[in-house]
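These notes are about the structure you will find just below.
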Amino acid sequence: MDQQDAASSWVDDVVDVARGMVADGRAHDAVETLWALLANEPDHPAALHALAEALQADGDPAEALVVARRAVTVDPERYRSFHLLGLAAYACGAWDEVRPAFAAAAELAPEDLAIASDALAVELAMGRSDAQTYVIARRASEQHPADPVIAALVGMLFHREGHRGTAETVWRAGLVATPTDPVLRWRMLTSSAERGADAAVVEHGIALRMEHPSQQTDRLLRLAVTSLLQHVHAVFFVGALVGVLLAVLASSVVPGRWQRFADGGVLLVVLGMVGVAVNLVVRVATRRLRTGTAPLLRFVRRRARGLVGAAVLVAATGVGALAAVVGLITGAPLPVVGWCGAVTGAVWLATMADLTWLDRWYR
């Protein structure tokens, strides 16, 4: 090894030591070490690049930009220096230098994931959405089609511009490749919540909560489940009310011919009763995710009479519905069956009122 090779090896060793300092959180010491090194080797490209990194880590992006400019001038083939130049230019607000720096880095290393993701992230952070932004996004997607970070960023670009459907398509494709990625799952969750797709919110919320539980996920999941149950509640209520009316009409106005409608009416009463009971149980269960066990126990203690009344009313509704069904099967007089169904419907309405009161109290 001649004297020049030995000197170069020594410089590389010092650069490696300085990078280790940065990794250990001693960026300021690394800056001082590299400045001392550059006093003897002012145009060493690796030392210049390492100094720019250390200055960036030490919270001095302006000086890092100056050193990064010098680094790419000394060695225009070092793509990592152009990458660092783009980041330093963005941090300093020198936005005119950002795109050329990232473009040069991408031309020298088109397969580098960090360059593609940082270039697109900086475009989003600067609020850009012109043709060049979409070119950067397309190239990133083509070079890294299965990367979740790229998918998240591209989807964010479309979502910000109001193309929610396209954004969700991109995120969904990313989830196919990486089903457990929390960022993509969270993006799908929030986008679904924005457009009121409660079923999709439940799907993504449950998947996200299993791997990465959080209060925000629980809140969106609870709201979606509550919204879905409100729709179910309304359907059961209308169905049961129509069922009661059909049962009374069929038994007292046109007996015999409309017996099937009477059967269906009584069945809808039973379904309505079960639906409301399930409504309360699931709502309490979803709130249990947020409130814990203590509020649930306090609710049971303070509203014991209401719970007992609900249980009695539910049992009475079931007995009445069963009696009406048995009467229909055994050929009991239809007026009797009709009045039985009407009374059962009235008891069920009382059940619904009691359960709804309990449900609204426990909010």
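Under a no-solvent Debye model with one identical scatterer per Cα of segment 152-212, what's log10 I(q)/I(0) at q = 0.15 Å⁻¹?
-0.37
Which one, Pro182, Ala71, Val122, projects farthest toward the positive side of the charge dipole computed for segment 59-187 from Cβ point charges (K/R +1, D/E -1)?
Farthest towards the positive pole: Pro182.
Over segment 1-155, average the accessible area per residue using a 1.4 Å probe and give it in Å², no decimals.
On the way: 7650 Å² over 155 residues.
Counting only protein heavy atoms, the per-residue value for segment 1-155 is 49 Å².
Evaluate the distance, in nm, between pseudo-label points positioned 7 Å from the Cα of Ser129 and of Val326 along their respective Cα→Cβ axes.
6.7 nm
So what's the Cα pair-distance distribution over segment 86-160, bin width 5 Å, in %?
Distribution as computed: 3, 18, 31, 25, 18, 4, 0 percent.
Take Glu97, Glu203 and sort them by solvent-accessible surface of the protein heavy atoms, 1.4 Å probe, largest at the top. Write out the running numbers ahead of the final one.
Numbers: Glu97 55, Glu203 110 Å².
Descending order: Glu203, Glu97.
In segment 195-230, what trypsin sites (Lys or Arg not before Pro) fall in a loop by DSSP, with at most 13 other Cβ atoms inside 10 Å?
Values: sites: Arg195, Arg209, Arg219, Arg222; in loops: Arg195.
Hits after loop and neighbour filter: Arg195.
At a 1.4 Å probe, what is the % contribution of carbon and sulfur to the accessible area of segment 1-111? Walk me through the numbers on the way to the answer.
Details: 3040 of 5840 Å².
C and S fraction of accessible area: 52 percent.
Using a 1.4 Å probe, what is the accessible area per residue for segment 169-217, in Å²?
On the way: 2610 Å² over 49 residues.
I get 53 Å² per residue for this part.
Taking the convex hull of the Cα atoms, report for segment 16-166 its projected area averaged over all directions, in nm². Display every interim value, and only then the final one.
Working: hull surface 36.8 nm².
The directionally averaged projection comes out at 9.2 nm².
Sorted by accessible area (1.4 Å probe), largest first, how do Met126, Met156 line up? Please report the intermediate quantities before stating the final value.
Details: Met126 20, Met156 60 Å².
Of Met126, Met156, the descending order of accessible area is Met156, Met126.
For Tyr90, what accessible surface area do you get with a 1.4 Å probe? Give it in Å², rounded to 10.
80 Å²
For segment 99-147, which GluC sites (Glu not before Pro) are both in a DSSP coil and crowded by at most 12 other Cβ atoms within 10 Å? Kindly include the intermediate steps, with their values, before the conclusion.
Numbers: sites: Glu107, Glu111, Glu123, Glu142; in loops: Glu111.
Passing sites in segment 99-147 are Glu111.
The values are calculated or read from the model by the stated rules, or taken from the named source; none is laboratory data. Values in this document were obtained by computation on a predicted structure and should not be read as measured data. Don't worry about glycine lacking a Cβ; one is built from the backbone with ideal geometry, like all the others, and counts go over all protein chains shown. SASA here: full protein model, heavy atoms, side chains in, ligands and nucleic acids out. Shrake-Rupley method; radii C 1.70, N 1.55, O 1.52, S 1.80 Å.
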